[in-house]
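The values are calculated or read from the model by the stated rules, or taken from the named source; none is laboratory data. The structure displayed is predicted, hence computed values, not measured ones. When we count neighbours, we look across all protein chains shown, and the Cβ atoms used for this are built from the backbone with ideal geometry, even at glycine. Only protein heavy atoms, including side chains, enter the accessible area calculation; ligands, DNA and RNA are left aside. Shrake-Rupley method; radii C 1.70, N 1.55, O 1.52, S 1.80 Å.
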Amino acid sequence: MEKLRVELRERSYEILINRDNLHLIGERLLRFSTGSKIGIISNPTVSELYGNKLVSSLKNEGFDPYLILIPDGETYKDYFWAYHILTQLLELGFDRRSCLIALGGGVIGDITAFVASVYMRGISYIQIPTTLLAQVDSSVGGKTGVNHPLGKNLIGTFWQPSLVWIDVDTLRSLPEREFISGVAEIIKYGIIWDRDFFEFIKTNKEKILKKDEDILIATIKRSCEIKAEIVSKDERESSLRAILNYGHTVGHAIETLTGYGSYLHGEAISIGMIYEARLSNLLGFLSKENYQSIKDTIKNFGLPVDMPSIVDIPAMIKTILIDKKNIEGKIRMVIPEDIGKMKINFEVNIEDIKKLFYE
């Protein structure tokens, strides 16, 4: 088992990565001072695959688990479904010592964490991510959120999990498109933090795509190490943690304007990373060679690189203007100076944004 720790003083927690470990979660929960009631938040697809195994593991250790399902998809990561979960918890008599488990991808992880952060002013929760994207990104760091029609993740909190429990065997049931979408966040870590890791990803492209277990575990571990290091230094995104938003200004705008359904998160972020790298090149920071290397690497993994034709550019610019990273009307972005080095919260002129999309 690979073990990492996110160091946040009294909010510190472990990330455990292994094969075939879902049936051990009940035993692990005995180490926590949680109550008997455990809410497993999932969707019908994931629950059918892994729900019974999780319920059995918890029951075997004396816990009282309840499955609470929401529909599958980014469309359902909103306040309505968060309210639905909260209502279920209240009706089931969950209290402050109860615990939630997020069993699923990024949507389930985000909405479960949000609910945990506001239910009775905060209860504990555990992340069991079942997609590659969630395993390397959204399950770690304590960002919670639900979407609003005007923008993605505009309603949320910071609330750290008690544990992140990764079983790489869950990736065997993941559709290929979902798996490749997760690779986008892995590539992001190389660009924002570690050129050697970027080169490792390029070198091991075939093994990653074939889901070679040793390479996959090493890749997931390094991605989590990078995120854990960044989060430990800047939990609430006052400075350094902003680099994790690379590709997300444009990417979130694509998701918003295409209705949270046409493009998977990683696909939208892939396009966002390319456009934000191109902006850096236009501003004179990122070299043409490094821009091309970023674009080629993303493309070689089968990820999209072009702006969707259905996206209205004036609407794109308007959406960027209300991005939650902006302050007092000033557009703030993170853009790469080099592979492995970023400019943090760089103020971008609206004319430069227009140049990016119209030239």
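Computed values, structure above
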read-out: Any chance residue 63 is under 21 Å from residue 167 (Cβ atoms), of a type outside the set (Ser, Thr, Tyr) and at pLDDT below 95; value: no
read-out: Of residues in the stretch 33-80 being touching a residue at least 60 places away in the same chain (Cβ under 8 Å) and hydrophobic (A, V, I, L, M, F, W, C), the one surrounded by the fewest Cβ atoms within 10 Å (Cβ to Cβ); value: 49
read-out: Every pair of residues 6+ apart whose Cβ atoms lie under 7 Å, when the first sits in the stretch 270-286 and is touching a residue at least 60 places away in the same chain (Cβ under 8 Å) and part of a helix (DSSP H, G or I) while the second is of a type in the set (Gly, Ala, Ser) and open to solvent by 10 Å² or more (accessible area, probe 1.4 Å); value: none
read-out: All positions within the stretch 187-204 that are among the hydrophobic types (A, V, I, L, M, F, W, C), under 16 Å from residue 342 (Cβ atoms) and open to solvent by less than 60 Å² (accessible area, probe 1.4 Å); value: 187, 191, 192, 197, 198
read-out: Residue 239 more than 15 Å from the chain's Cα centre (by Cα), closer than 25 Å to residue 142 by Cβ and open to solvent by 10 Å² or more (accessible area, probe 1.4 Å); value: yes
read-out: Subset of the stretch 248-264 (residues that are free of Cβ contacts under 8 Å to residues at least 60 places away in the same chain and outside any helix (DSSP H, G or I)); value: 258, 262, 263
read-out: Residue that is modelled with the lowest pLDDT, among those in the stretch 223-240 that are over 15 Å from residue 334 (Cβ atoms) and not in a helix (DSSP H, G or I); value: 236
read-out: Hits in the stretch 298-343 (condition: among the acidic types (Asp, Glu), farther than 18 Å from residue 270 by Cβ and at pLDDT 90 or above); value: 312, 337, 338
read-out: Selection within the stretch 81-120 - assigned to a loop (DSSP other than H, G, I, E, B) and either open to solvent by 10 Å² or more (accessible area, probe 1.4 Å) or among the polar types (S, T, N, Q) (or both); value: 93, 95, 96, 97, 98, 105
read-out: Residue list for the stretch 317-349, filter: under 14 Å from residue 282 (Cβ atoms) and touching a residue at least 24 places away in the same chain (Cβ under 8 Å); value: 333, 335, 336, 337, 343, 348
read-out: Where a residue in the stretch 221-246 is more than 25 Å from residue 165 (Cβ to Cβ) and its partner, wherever it lies, is open to solvent by 40 Å² or more (accessible area, probe 1.4 Å) and not β-branched (Val, Ile, Thr), with Cβ under 6 Å and at least six apart; value: 240/233
read-out: Count - residues of the stretch 149-176 that are basic (Lys, Arg), within 17 Å of the chain's Cα centre (by Cα) and open to solvent by 50 Å² or more (accessible area, probe 1.4 Å); value: 0
